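Reviewing the structure listed below.
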């Protein structure tokens, strides 16, 4: 196949295979790869057993195809390695420029090891979370889909507590949905099954859930709210005005499903605590923490210490009380959009494309700021 403009002095962009289990998303789509090729960037795409887009689609776009993991051995020193999720410090070398989510700039566990590996090998990290415009707003984010899927799993976990068989089955073998339409069809059936259970239930019976979205004004929050609205589930929306006074918030306990979508960059009183959740009046049965930062210093939900996973998506925090309070389950998965990989990848990659088209210019403001941030945090290792 022909690589666009092989004599270009633009850097080679190398899309690596994702190493995080159950990660089907892709930083590039065939369409955005084609746009980069047309702009003169050589593009290499590694084969992948998990990526949602078939390798033939990238080949048809004009990309060169390499084996999974070949970047470590074959990528030239000046190539830029593109990915989504973090690489473990021992999975280098980190002698090149890398673009991915690293989760190291808020003092998360292991940040020194990751940045130390970059410093040792001489490479540079451009963290996707910190590619921001002149106003400090991220140029690309998965937030909407993270909130949408986080609310979905919160609702499914609630349905599982109502003994809806389909919900129990989904949580036992969590797999990506091919589209948001398929997801809504599945959850709509679960909603109807839960309503049927309530209609024929015991004295108090199961009830229609009430949902709370914290951070409803942001990207993730809008996604969560849209899920509940699509399912016609009553949803309370909180944003800065409702949370700025600091928690714990007794009103939180009045909702069956709580979805936290707040991006926290400073210390604030927790929204709730395990002691607070032990209240005899608690109605809350599921907390879905879309922000999912248990290792961070600014976690507003200090009720757990380890994220849940695709293979074990829920964690029981509290058993049901003798006073009739329900059991309390947690959902805290750090790559929720992976469950809608096609739509979330297309959305994110399209948002990122204008910035990627400037990646050949290290003085472009977005890339310069990201490099300066990396340098500042590496300097903290001294």
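The values are calculated or read from the model by the stated rules, or taken from the named source; none is laboratory data. Because the structure is a prediction, the values reported are computed rather than measured. A quick note on method: Cβ atoms are made from the backbone with ideal geometry, for glycine too, and the neighbour counts reach across all protein chains shown.
Sort out which residues of the range 161-197 are closer than 20 Å to residue 340 by Cβ and touching a strand residue (DSSP E or B) at 6+ places or on another chain (Cβ under 8 Å), and write them in order of number.
If the condition is that a residue be closer than 20 Å to residue 340 by Cβ and touching a strand residue (DSSP E or B) at 6+ places or on another chain (Cβ under 8 Å), then 171 is the only one that fits.
Among the candidates 84, 36, single out the residue that is within 21 Å of residue 348 (Cα to Cα), assigned to a loop (DSSP other than H, G, I, E, B), touching a helix residue (DSSP H, G or I) at 6+ places or on another chain (Cβ under 8 Å) and in contact (Cβ under 8 Å) with a residue 60 or more places away in the chain.
The conditions single out 84.
If residue 302 passes every condition in (1) free of Cβ contacts under 8 Å to residues at least 40 places away in the same chain; (2) within 21 Å of residue 136 (Cβ to Cβ); (3) assigned to a loop (DSSP other than H, G, I, E, B) but one, which one does it miss?
(2)
For the range 333-352, give me each residue that is under 18 Å from residue 129 (Cβ atoms) and crowded, with 21+ Cβ neighbours inside 10 Å.
The answer is 333, 335, 336, 337, 338, 344, 345, 348, 349, 352.
Could you go through the range 113-132 and let me know if any residue there is within 20 Å of residue 217 (Cα to Cα), surrounded by 24 or more Cβ atoms within 10 Å (Cβ to Cβ) and within 18 Å of the chain's Cα centre (by Cα).
no
Of all the residues that make up the range 151-175, how many are crowded, with 22+ Cβ neighbours inside 10 Å and within 30 Å of residue 130 (Cβ to Cβ)?
Adding up the residues that qualify gives 4.
If I ask for residues that are in contact with a strand residue (DSSP E or B) (Cβ under 8 Å, 6 or more places away or on another chain), closer than 17 Å to residue 86 by Cβ and part of a loop (DSSP other than H, G, I, E, B), which ones from the range 8-29 would you list?
Scanning the range 8-29 gives 16, 17, 26, 27.
Test residue 148 against the criterion of being surrounded by fewer than 21 Cβ atoms within 10 Å (Cβ to Cβ), farther than 26 Å from residue 68 by Cβ and in contact with a helix residue (DSSP H, G or I) (Cβ under 6 Å, 6 or more places away or on another chain), and give yes or no.
no
Hey, among the residues in the range 194-218 that are surrounded by fewer than 19 Cβ atoms within 10 Å (Cβ to Cβ) and at pLDDT 95 or above, which one's farthest from residue 273 (Cα to Cα)?
Ranking the qualifying residues of the range 194-218, first place goes to 217.
Return the residue satisfying two criteria in turn: it lies in the range 89-103 and is in a loop (DSSP other than H, G, I, E, B), under 20 Å from the mean Cα position of the chain (by Cα) and at pLDDT 95 or above, and of such residues it is nearest to residue 355 (Cα to Cα).
Restricting to residues being in a loop (DSSP other than H, G, I, E, B), under 20 Å from the mean Cα position of the chain (by Cα) and at pLDDT 95 or above, the top hit is 101.
Output the residues belonging to the range 325-360 that are modelled with pLDDT of 95 or more and either more than 23 Å from the chain's Cα centre (by Cα) or at positive phi (or both).
Answer for the range 325-360, where residues must be modelled with pLDDT of 95 or more and either more than 23 Å from the chain's Cα centre (by Cα) or at positive phi (or both): 326, 327, 357, 358, 359, 360.
Residue-wise test of (1) surrounded by 14 or more Cβ atoms within 10 Å (Cβ to Cβ); (2) outside the structural domain of residue 100 (by the TED database); (3) closer than 22 Å to residue 249 by Cα.
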residue: 317; (1), (2), (3): yes, yes, yes
residue: 324; (1), (2), (3): no, yes, yes
residue: 328; (1), (2), (3): yes, yes, yes
residue: 354; (1), (2), (3): no, no, no
residue: 367; (1), (2), (3): yes, no, no
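Does residue 262 fit the bill of being assigned to a loop (DSSP other than H, G, I, E, B), crowded, with 18+ Cβ neighbours inside 10 Å and either modelled with pLDDT of 95 or more or touching a strand residue (DSSP E or B) at 6+ places or on another chain (Cβ under 8 Å) (or both)?
yes
Condition (residue is within 28 Å of residue 333 (Cα to Cα), over 18 Å from the mean Cα position of the chain (by Cα) and modelled with pLDDT under 95) applied to the range 61-82: is it met by at least one residue?
No, the range 61-82 contains no residue that is within 28 Å of residue 333 (Cα to Cα), over 18 Å from the mean Cα position of the chain (by Cα) and modelled with pLDDT under 95.
Return the total of residues in the range 249-258 being over 13 Å from residue 209 (Cα atoms) and buried (at least 17 other Cβ atoms within 10 Å of the Cβ).
So the answer is 2.
Residue by residue through the range 50-81, note down the ones that are touching a helix residue (DSSP H, G or I) at 6+ places or on another chain (Cβ under 6 Å), outside any loop (DSSP other than H, G, I, E, B) and crowded, with 18+ Cβ neighbours inside 10 Å.
Answer for the range 50-81, where residues must be touching a helix residue (DSSP H, G or I) at 6+ places or on another chain (Cβ under 6 Å), outside any loop (DSSP other than H, G, I, E, B) and crowded, with 18+ Cβ neighbours inside 10 Å: 58, 61, 81.
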